[in-house]
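Here the structure is laid out as structure tokens; the discussion comes afterwards.
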Amino acid sequence: MDRGLDARYKAFCFDDVPSNCSNSLEELGNLFEAEKTNNVLKIMKRLVVGISGASGVIYGIRLLEVLRGKIETHLVITEQAKQTLSLETDLTVGAVESLASFVHSDKDLSSPLASGSFITQGMIIVPCSIKTLSAVANSYGQALIARAADVNLKERRRVVLVVRETPLHLGHIRLMAQVTEMGGVVLPPVPAFYHKPKSVTDIIDHTVGKILDLFDIQHKLFRRWQEDEPDLS
Ligand SMILES: Cc1cc2nc3c(=O)[nH]c(=O)nc-3n(C[C@H](O)[C@H](O)[C@H](O)COP(=O)(O)O)c2cc1C
């Protein structure tokens, strides 16, 4: 719901509280970093960002750059992603981690992210390797990245997997179907050309913008179809 608020916040009016909600807005306000004015509770948006070892680590970096200062981000980078990072970019792991609000080790299963009681607006794994896709599809929570996705799915929150592999065999497609049946969104980094990209950055920003759309986060990362087109009617 758009109440003209800063993108950092999700707003609830007192009228919006569902009758079956066990927490009052006051209680929710105590759980979150929240501001309460004029019967509107503004709750800080919090997203989990996982970066796994598929090609395209730059998509995860760009997402963190765009969210920086706007949304509270909790970052998990897999060990393999750290290697991909050094192979595909000139950045250090520390530089990428500094883009996030909080960093969690993929090995730390006692992290708050491993529990559904840690309230978030959802999770994005970008890029998502087939291995991590498989772990999420099978609730194989041995690593924090897969466990965090699993708890967000069980809490019925938005989980977006930017799966990168090509071509795909039937096993990969079945895993994507499984995640979709569980409520997740599979968003492969497939470029569009209707916005006339002129650079690799334009292509990356298109995928990052599609991710933000799924979380109702406003952006101007790409020109939408027929946006700013002359009205010919
Ligand atoms: C340079 C490089 C590129 C890779 N690209 C992909 C890819 O696009 N998709 C994929 O599923 N795996 C890819 N892999 C393999 C994964 O890194 C590997 O399966 C790894 O075990 C994934 O672990 P993680 O999901 O824990 O990060 C790549 C590996 C390297 C070194």
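Spin-label pair S199-Y140: with each label point 7 Å from Cα along the Cα-Cβ axis, the two points sit 3.9 nm from one another. Each peptide among 151-158, 70-77 gets the average number of other Cβ atoms lying within 10 Å of its residues, and from highest to lowest they stand as 70-77, 151-158.
Given K45/K198; K82/K196; K131/K220; K70/K154; K131/K210, which pairs have Cα atoms separated by over 29 Å? Don't jump to the answer; show the numbers that get you there.
On the way: K45/K198 32 Å; K82/K196 32 Å; K131/K220 32 Å; K70/K154 26 Å; K131/K210 23 Å.
From the list (K45/K198; K82/K196; K131/K220; K70/K154; K131/K210), the Cα-Cα distance tops 29 Å for K45/K198; K82/K196; K131/K220.
Among 215-227, 124-136, 98-110, sorting by the average number of other beta carbon atoms lying within 10 angstrom of each residue, highest first, gives 124-136, 98-110, 215-227. What does the net charge come to around V93 if you take all other residues with beta carbon closer than 15 Å to its beta carbon, with K and R at +1 and D and E at -1? Charge balance in the 15 Å sphere: -3. Shape analysis of region 74-148 places it in the oblate category; the axes a ≥ b ≥ c from the Cα gyration tensor give an a/c of at least 1.5, with a/b not above b/c.
Under the classification rounded if a/c is under 1.5, otherwise prolate if a/b is larger than b/c and oblate if not, where does region 46-214 fall, given a ≥ b ≥ c as square roots of the Cα gyration tensor eigenvalues?
On the way: a/c = 1.39, a/b = 1.13, b/c = 1.23.
The shape class here is rounded.
The alpha carbon gyration tensor of region 74-116 gives principal lengths a ≥ b ≥ c with a/c of 1.5 or higher and a/b no greater than b/c, which makes the shape oblate. Mind listing the long-range amide H neighbours of V159? Cut-off is under 5 Å, sequence gap 5 or more, other chains count too, H placed in the peptide plane at 1.01 Å from N. Those lying under 5 Å, H to H, from V159 are M123, V185. Neighbour counts of C-beta atoms inside 10 Å place M182, M123, M176 in the sequence M182, M176, M123, starting with the fewest.
Take the alpha-carbon centre of region 139-181, take the same for region 72-110, and report the distance between them in whole Å. So the separation of the two Cα centres works out to 19 Å.
Here the 3J(HN,Hα) profile of region 177-190, calculated from phi with Karplus coefficients 6.51, -1.76 and 1.60 at θ = phi - 60°, is 5, 4, 5, 5, 5, 7, x, x, 10, 9, 10, x, x, 9 Hz, Gly and Pro shown as x. Using the Cβ-Cβ distance between E97 and L214 with R0 set to 25 Å, the FRET efficiency from 1/(1 + (r/R0)^6) comes to roughly 0.55. Taking amide H atoms as placed 1.01 Å from N in the peptide plane, the amide H of I77 lies under 5 Å from those of I51, H104, D106, each 5 or more residues away in sequence or on another chain.
The numbers here are math on the coordinates, done by the rules we state, and not lab data. As the structure is a computational prediction, the values presented were derived from the model and not from experiment. Ideal geometry is used to build each Cβ from the backbone, glycine not excepted, and the neighbour counts take in all protein chains shown.
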